[in-house]
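The values are calculated or read from the model by the stated rules, or taken from the named source; none is laboratory data. Treat the numbers as computed from the prediction; the structure is a model and nothing was measured. Virtual Cβ from ideal backbone geometry, glycine too; neighbours counted across all protein chains shown.
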Amino acid sequence: MNKSAMTPDELSAEGIKVLCRELGPVNAARFIQQLSRGSGNYVDERENAFGSMSVEEIFAEIKDARARNSDRSRSANADTN
């Protein structure tokens with residue numbers, strides 16, 4: 001392959017091959033994922049989702065939701081037996 005005249009698709013494929021060879025497939029995927037900047041505004045999204053809640057309050061809500069889901073699962077399993 002003529003590396004000086006690669007198309008964008010060829011360059012991407014060759015780059016992924018090199019990353020996988022040098023870093024291994026898992027770390028290559030992690031590296032590529034870090035390059036993705038995402039979209040949206042994290043600060044606004046966080047404010048909309050959590051308002052002025054503290055980390056402790058968010059954690060408590062997660063624990064409560066998990067407990068409720070666990071109770072529902074146990075109840076559903078008891079109904080089928």
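The figures follow:
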item: Filter result (among the polar types (S, T, N, Q) and within 19 Å of the chain's Cα centre (by Cα)) within segment 30-70; result: 33, 34, 36, 39, 41
item: Only listed residue being surrounded by fewer than 11 Cβ atoms within 10 Å (Cβ to Cβ) and closer than 28 Å to residue 4 by Cβ, chosen from 22, 14, 45; result: 22
item: Top-ranked residue in segment 25-37 [being modelled with pLDDT of 90 or more and hydrophobic (A, V, I, L, M, F, W, C); ranked as surrounded by the most Cβ atoms within 10 Å (Cβ to Cβ)]; result: 28
